[in-house]
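Chemist: Dumping the structure here so I can ask a few things about it.
The values are calculated or read from the model by the stated rules, or taken from the named source; none is laboratory data. Not measured: the values here are computed from a predicted model. Here Cβ is always computed from backbone atoms with ideal geometry, including for glycine, and neighbour counts include all displayed protein chains. Quick note on the areas: whole protein, heavy atoms, side chains included, nothing else; ligands and nucleic acids left out. Shrake-Rupley method; radii C 1.70, N 1.55, O 1.52, S 1.80 Å.
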Amino acid sequence: MSQPKSDKGISGNFEIFDTEEDVAVSLAKYAADLSDKFVKQRGAFTVVVSGGSLIKSLRIILKVTTEYLLAYDGFLSKVPILPDHIHAINDTLSTEDAAEDYETRLKQLVKSNILATSSATGFPKFDAMLLGMGPDGHVASLFPGHPLVNEDKKWVTFIKDSPKPPPERITLTFPVINSSAYIALAIVGAGKAGIVKTALGDSNQSSDLLPVQLVSPEGELKWFLDKDAASLL
């Protein structure tokens, strides 16, 4: 793997790698290290993996097919994740019912003390979230200018008019995303270079922030970029 270039912008630390594979391998190691940290601290590790471009990158080293993956007691390690530690969205339900069902399941995990709660926000506090970014700056299924960006009550919600296929999606909300202890943003490809420059640029004064610019965890935010995505920095 290539030696990454590191820097710190206004939106968090970032590292630049030569290839998408290097990004995926580094992201996997980052998640595994966090898993070791939290398992040693409290005996469990909760991590969310978003869908879309991130899954495409991770398939290089791990075959993952769910839109969201919530895993405990290890991640991307040589030890298989136990099936009952994986909590995927139920895609056999309607969009509305799937969102409600997933939020109910998360509340059950909180009640059973598997999933922590943020003392600052009252929302569930995941140990880590691994997110991608779309070429329009969207994260999860929270799109620029869409009302769901401002949802501040629900943990999980749905969208039926996504500007990008598929039109119907399930997503965690920003209060949940930003209650996380750690967030990693994995972004690859020249098609996203402009948005990366906007998000990480020191001179950005726009009052209309992109969803990716709203990502602000309680702990650490780290960007994993390939050289194409970082080409305009």
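Chemist: Rounded to the nearest 20 debye, what is the charge dipole size of the stretch 85-153 about its Cα centre when +1 sits on each Lys and Arg Cβ and -1 on each Asp and Glu Cβ? Provide the component values of the computation, followed by the final result.
Modeler: Details: 5 positive and 10 negative charges, 75 e Å.
For this selection, approximately 360 debye.
Chemist: Under a 1.4 angstrom probe, counting protein chains only, how are TYR182, TYR102 ranked by accessible area, largest first?
Modeler: Putting TYR182, TYR102 in descending order of accessible area: TYR182, TYR102.
Chemist: What fraction, in whole percent, of alpha-carbon pairs in the stretch 81-208 exceed 25 Å separation?
Modeler: Distances greater than 25 Å cover 30 percent of the Cα pairs.
Chemist: A further question follows. Which order do peptides 13-22, 110-119, 171-180 fall in by mean Cβ count within 10 Å, highest first? Mind showing how you got there, number by number?
Modeler: Details: 13-22: 18.7, 110-119: 13.7, 171-180: 23.9.
Averaged packing, sorted descending, gives the order 171-180, 13-22, 110-119.
Chemist: Further question on the same structure: Tell me the label-point distance for the pair LYS164, ASN90, using the 7 Å Cα-to-Cβ offset, in nm and rounded to one decimal.
Modeler: Label at LYS164, label at ASN90, 2.8 nm between them.
Chemist: If you don't mind, there's one more thing I want to ask. How big is the stretch 113-162 on each of its three principal axes, counting only the C-alpha atoms and giving the largest first in Å?
Modeler: That works out to 35, 22, 18 Å along the principal axes.
Chemist: Run the quick spin-label model on ASP33 and ASP18: label points 7 Å from Cα toward the beta carbon, then report their separation in nm to one decimal.
Modeler: Placing both labels 7 Å along Cα→Cβ, they lie 2.0 nm apart.
Chemist: Quantify, in whole percent, the carbon and sulfur part of the accessible surface of the stretch 79-168 (1.4 Å probe; protein heavy atoms only).
Modeler: Within the stretch 79-168, the accessible surface is 56 percent carbon and sulfur.
Chemist: Write down the accessible area per residue of the stretch 145-200 in Å², having rolled a 1.4 Å probe over the full set of protein chains.
Modeler: For the stretch 145-200, the solvent-accessible area averages 40 Å² per residue.
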